[in-house]
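**Student:** I'd like to ask you about the structure that follows.
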Amino acid sequence: MTIPSRVFSGVQPTGNLHLGNYLGAIQRFVALQDEHDCLYCVVDLHAITVWQEPAELRHNIREVTAAFLAAGIDPKKHIVFNQSQVAGHSELAWIFNCVARMGWLNRMTQFKEKAGKNRENASVGLFAYPNLMAADILLYRATHVPVGEDQKQHLELSRDIAQKFNNDFAASIAENGFGEMFFPLPEPLIAGPATRVMSLRDGKAKMSKSDPSDLSRINLTDDADTIAQKIRKARTDPDPLPAVSDGLEGRPEAANLAGIYAALAGTDVPGVLAEFGGSQFSDFKKALTDLAVEKLAPINAEMRRYLADPAEIDRILADGADRASVLAEETMGAVKDIIGLIRH
């Protein structure tokens, strides 16, 4: 049986959506919808692997949805929904808990980073959430997943889980008419030059929602004056911009700002340096501010418009969940037949 080409990806609703989320993920989502059938998910079940304040979580779910829509994702042609409204995510995640091996999860570097020294007090959900991520993708038998470099390990785990399921139940998969494999092995779609946007205060640290300094990131809800202030205060070094990429070596802040400009302008870093090489950062920052405001102000305005009407956001999410559920129920029915469970 042929598996159709399908893209799945998601964003956690943990607040402070920023430029890194936009350039590293959401902008890519918009481009992919012209070539693929896409499902874009607000992965709220992932968010609760650490405690969330309930009212703030609801707001953040709507804010991520508003960002999807404001950036240009079409919820009629594609599916925009939140994870918790489709029960199949949790159901398939449990099945994958029984397929994945403890050793696989123990190798996941993100759990070690997030749990830190407090590993024994981390939630089981935080430890096992790569299995839920695999379920998110494979519930829709997605073939492609846009991911950043920091998520490649989890996508590789999703492939391992899919392969083990296909191997463990090979005979039943064939008996049920699915040929040699039921789940595809999803392929990563790595984004362009700004896959990894760094902090405005430290070019060696990733731009992060959790950084205590708001000056470290440009939030998608920042107005033009705030964007200008943050870029003006962004850390740089005393030398002018180089004319070629080799000149960025050992200059992480310069490389970060050049990469941000390239991603916003739809060009590459060599092109940016060809234009601005020799410029002082005071001049380059003015150009970067103008570009950032030009690109982000319309998104900011649209996000505010959507957030002023939460009922409309909820309606779009409910419609997306209904459409996603049709695909999910088809997959779960087949999975139950394959592994020997009796359907309701």
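**Student:** Among the residues of segment 280-317, write down those that are in contact with a strand residue (DSSP E or B) (Cβ under 9 Å, 6 or more places away or on another chain) and under 19 Å from E56 (Cβ atoms).
**Tutor:** Selection gives L317 alone.
**Student:** For segment 249-268, enumerate the residues that are without any contact (Cβ under 8 Å) to a residue 24 or more places away in the chain and either under 22 Å from the mean Cα position of the chain (by Cα) or closer than 17 Å to A287 by Cβ (or both).
**Tutor:** Correct list: A258, G266, T267.
**Student:** What is the one condition in (1) crowded, with 16+ Cβ neighbours inside 10 Å; (2) farther than 30 Å from W51 by Cβ; (3) of a type outside the set (D, E, K, R); (4) at pLDDT 95 or above that L200 does not satisfy?
**Tutor:** Result: L200 fails condition (2) only.
**Student:** Restricting attention to segment 306-344, report how many residues are under 17 Å from A67 (Cα atoms) and either of a type in the set (F, W, Y) or free of Cβ contacts under 8 Å to residues at least 40 places away in the same chain (or both).
**Tutor:** Counting residues in segment 306-344 that are under 17 Å from A67 (Cα atoms) and either of a type in the set (F, W, Y) or free of Cβ contacts under 8 Å to residues at least 40 places away in the same chain (or both) gives 6.
**Student:** Of the residues that sit in segment 166-197 and are over 27 Å from F29 (Cβ atoms) and in contact (Cβ under 8 Å) with a residue 60 or more places away in the chain, which one is surrounded by the most Cβ atoms within 10 Å (Cβ to Cβ)?
**Tutor:** Across segment 166-197, the extreme among qualifying residues is I173.
**Student:** Now for a different question. Looking only at helices (runs of 4 or more DSSP H) that lie completely in segment 1-84, which have at least 2 residues being surrounded by fewer than 16 Cβ atoms within 10 Å (Cβ to Cβ)?
**Tutor:** Where helices (runs of 4 or more DSSP H) fall fully within segment 1-84 and carry at least 2 residues being surrounded by fewer than 16 Cβ atoms within 10 Å (Cβ to Cβ), they are 54-71.
**Student:** Just to check your reading of the model, which residue among F127, F111 is surrounded by fewer than 24 Cβ atoms within 10 Å (Cβ to Cβ), assigned to a helix (DSSP H, G or I) and either at pLDDT below 80 or in contact with a strand residue (DSSP E or B) (Cβ under 6 Å, 6 or more places away or on another chain) (or both)?
**Tutor:** Among F127, F111, only F111 is surrounded by fewer than 24 Cβ atoms within 10 Å (Cβ to Cβ), assigned to a helix (DSSP H, G or I) and either at pLDDT below 80 or in contact with a strand residue (DSSP E or B) (Cβ under 6 Å, 6 or more places away or on another chain) (or both).
**Student:** Another question, then. Tell me, yes or no, whether segment 148-169 has at least one residue that is over 18 Å from F96 (Cβ atoms), assigned by TED's automatic domain parsing to the domain that holds I95 and in a loop (DSSP other than H, G, I, E, B).
**Tutor:** yes
**Student:** OK, next. Does Y129 satisfy being assigned by TED's automatic domain parsing to the domain that holds G24, over 13 Å from G320 (Cβ atoms) and under 18 Å from the mean Cα position of the chain (by Cα)?
**Tutor:** yes
The values are calculated or read from the model by the stated rules, or taken from the named source; none is laboratory data. It should be emphasised that the depicted structure is a prediction, and the values quoted were computed from it without experimental measurement. Positions of Cβ are backbone-derived with ideal geometry, glycine not excepted, and every protein chain shown enters the neighbour counts.
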